[in-house]
Amino acid sequence: NVDGDVVGGSRTGNSPPNNAGHAFVWPNGRMVDLNAVVTNLPGNVVLEVAQAINDDGSIVGTTCSGFCEPGKAAPTRAFLLVPN
């Protein structure tokens, strides 16, 4: 976006090989796991890939499919995150 923020998906440092990645945003040269900062995220959902961010900071992406992490196996869905 115009602020230089980048989004994507990345595996976490201690992810077993079969686990999904986590969606991230990279503002100001620092990677932030969206799963760690989104409020009211259902317990069985993992934000896997953030695919775009607009100039207002809204982010779109997809949740994981199949086996995500132990206890987290929600069906794949699109997501839209809108900053407060």
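Go through region 11-28 and give me each residue that's at pLDDT 90 or above and of a type in the set (G, A, S).
Within region 11-28, A23 is the sole residue that qualifies.
Within region 48-74, which residues are in contact with a strand residue (DSSP E or B) (Cβ under 8 Å, 6 or more places away or on another chain) and among the hydrophobic types (A, V, I, L, M, F, W, C)?
V49, A50, A52, I53, I59, V60, C64, C68, A74
Do you know which residues across region 44-72 are open to solvent by 60 Å² or more (accessible area, probe 1.4 Å) and among the small types (G, A, S)?
Across region 44-72, the qualifying residues are S65, G71.
The values are calculated or read from the model by the stated rules, or taken from the named source; none is laboratory data. Everything numeric in this text was worked out from a predicted model, so none of it was measured. All Cβ positions, even for glycine, are placed from backbone atoms using ideal geometry, and neighbour counts span all protein chains on display. Quick note on the areas: whole protein, heavy atoms, side chains included, nothing else; ligands and nucleic acids left out. Shrake-Rupley method; radii C 1.70, N 1.55, O 1.52, S 1.80 Å.
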